[in-house]
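First comes the structure, then the notes that go with it.
We did not get these values from a lab; they are worked out from the coordinates using the rules stated. Fair warning: this is a prediction, and the values are worked out from it, not measured in the lab. Counting neighbours? That spans all protein chains shown, and the Cβs are built from the backbone with ideal geometry, glycine included.
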Amino acid sequence: MRCLITGGAGFIGSHLTEHLLGLGHEVVVLDDLSTGSESNLAAFADDPRLRFVRGSVCDRDAVDSCMAGVDAIYHLAAAVGVFTILGKTLESLRTNLNGTETVLEAARAHDVPILVASTSEIYGKNTADGLTEDADRIVGSPLVNRWSYAEAKALDETLAYLYGIEYGVKTVIVRLFNTVGPRQSGRYGMVIPRFVGQALAGEPITVFGDGQQVRCFCHVLDVVPALVALLEDEGAHGTVYNLGSSEQVSIADLAHKVIAATDSSSTVVKVPYEQAYGAGFEDMQRRIPDCAKARDRVGFRPRRTLDDIIRSVVAEHRLP
Ligand code: UDP
């Protein structure tokens, strides 16, 4: 098969690229390198089955130039990371709305199945213990910058769903919950690479808020095979799946785990949200997925623990 991965030079996209090449497929990567990096592809850049195209998903011509012979699309390209969304809110909104519609149009024109990556962020402030795919969205005002990301991704989901219903495009949507692992950058806000970097440098670990907010971190290598399984399974199309881990941790406990794993002399400092992200920021206090739907459909069961995840990120950061 030949697969197009938008955002294929990003953190998750590059792991998906590597996985699909490993399965013997050809991969076309479309990436504008806004947050992705060619260095993420370096380990397999010489593979003749990989083609890299630098371009934006908002550019119809760039997307079309990637479509020849493509049998499947993984649409991962997006403006990501809380720092990115807060720093470039309008640009991010445009990328996340227009980019998805452009790629869906290409899927429709070429009659190719498409996976659209969405996010647990769309559940907003719903603190349910085990968010199922039909859980209510509790997002704040659309004028609070953070929520514009959730709004855009929710509309992306609706678009993908309607392209399926009205145009017959084979679509599957996944909501990713705090996917982490090697190649993820801390530059855009993601907490684990930030904490590991701080711990290895002996700098204070910056816990935002009171540190009691809870997340479940899932290793990217547990997520990637599920993306492929869901798109390849026609019975999975036309709906949405949560993908994440059920292992809960508070951010304060995470800081201490990272300090222990790195044997660091770092201290933990609490940074008020306003200072970290600016005035009016709203965080979610608990974000815990229920992934029974993906488990029942494609056997999704994350195998790597949080300790495994921290170890793998520390090992990568220690490389020269
Ligand atoms: N966080 C933190 N310190 C940091 C970066 C993030 O305490 O240096 C917190 C952040 O406020 C959130 C959690 O860690 O409560 C996870 O943040 P991330 O941006 O990785 O993912 P989110 O779940 O917010 O999408």
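The residue among ASN96, CYS58, HIS25 whose Cα reaches farthest toward the positive pole of the charge dipole of the stretch 7-127, with charges on the beta-carbon of Lys, Arg, Asp and Glu, is ASN96. Computed 3J(HN,Hα) for the stretch 205-215, one whole-Hz value per residue from the Karplus formula 6.51 cos²θ - 1.76 cosθ + 1.60 where θ = phi - 60°, is 8, 8, 8, 7, x, 8, x, 8, 5, 10, 9, glycine and proline marked x. With the simple model of a label 7 Å out from the Cα in the direction of the Cβ, ASP308 to GLU247 spans 0.7 nm. Taking each residue as 0.36 nm, the span from ASP283 to VAL144 lengthens on full extension beyond its C-alpha to C-alpha distance by 48.9 nm. The phi-based Karplus calculation (6.51 cos²θ - 1.76 cosθ + 1.60; θ = phi - 60°) puts the 3J(HN,Hα) values of the stretch 277-289 at 10, x, 5, x, 6, 10, 9, 9, 7, 9, 9, 10, x Hz, whole numbers, x for Gly and Pro. When only Cα pairs below 8 angstrom with a gap of at least 6 residues are kept, the chain shows a relative contact order of 18 percent.
Taking only the C-alpha atoms of the stretch 53-195, Rg followed by Dmax gives 15.6, 45 Å. Note on LYS170: lysines with a C-alpha under 26 Å away, same-chain residues under 8 apart excluded, are LYS153, LYS293. For the stretch 153-284, with equal point scatterers placed on the C-alpha atoms only and solvent neglected, what are the log10 I(q)/I(0) values from the Debye formula at q = 0.11, 0.20 1/Å, to two decimals? Values returned for q = 0.11, 0.20 Å⁻¹ are -0.53, -1.14. Compared with the dominant principal axis of the Cα atoms in the chain, helix 220-232 is inclined by about 20°. Rounded to the nearest 10 degrees, the angle from helix 251-262 to the longest Cα principal axis of the chain is 80 degrees. Treating each Cα of the stretch 111-164 as an identical point scatterer and summing with the Debye formula, the log10 of I(q)/I(0) at q = 0.19 Å⁻¹ comes to -0.70. Using the alpha carbons alone, the radius of gyration of the stretch 1-91 stands to its Kirkwood radius in an Rg to Rh ratio of 0.98.
Of the trypsin sites (Lys or Arg not before Pro) found in the stretch 1-80, none is in coil by DSSP with at most 10 other Cβ atoms within 10 Å of its Cβ.
Projected onto their three principal axes, the Cα atoms of the chain cover extents of 54, 44, 38 Å, largest first.
If the Kirkwood radius is taken over C-alpha pairs of the stretch 232-320, then at 37 °C and 0.692 mPa s the Stokes-Einstein diffusion coefficient equals 199 µm²/s. Sparsely packed loop sites in the stretch 1-65 (the chymotrypsin sites (Phe, Trp or Tyr not before Pro) outside DSSP H, G, I, E and B with at most 11 other Cβ atoms within 10 Å) do not occur. Taking 0.36 nm per residue of separation and subtracting the current Cα-Cα distance, fully stretching the chain between SER39 and THR267 would add 78.9 nm.
Sort the stretch 198-246 into rounded, prolate or oblate with this rule: let a ≥ b ≥ c be the square roots of the eigenvalues of the Cα gyration tensor; rounded if a/c is under 1.5, and if a/c is not under 1.5, prolate when a/b is larger than b/c, oblate otherwise. It is prolate, given that a/c is not under 1.5 and a/b is the larger ratio. With the convex hull constructed from alpha-carbon coordinates only, the stretch 121-222 shows a mean projected area of 8.8 nm² over all directions.
Spacing of the modelled spin labels on GLN212 and ILE165, each 7 Å from Cα toward Cβ, amounts to 4.1 nm.
The angle between the Cα long axis of helix 306-318 and the main principal axis of the chain comes to about 90°, on a 0 to 90 degree scale.
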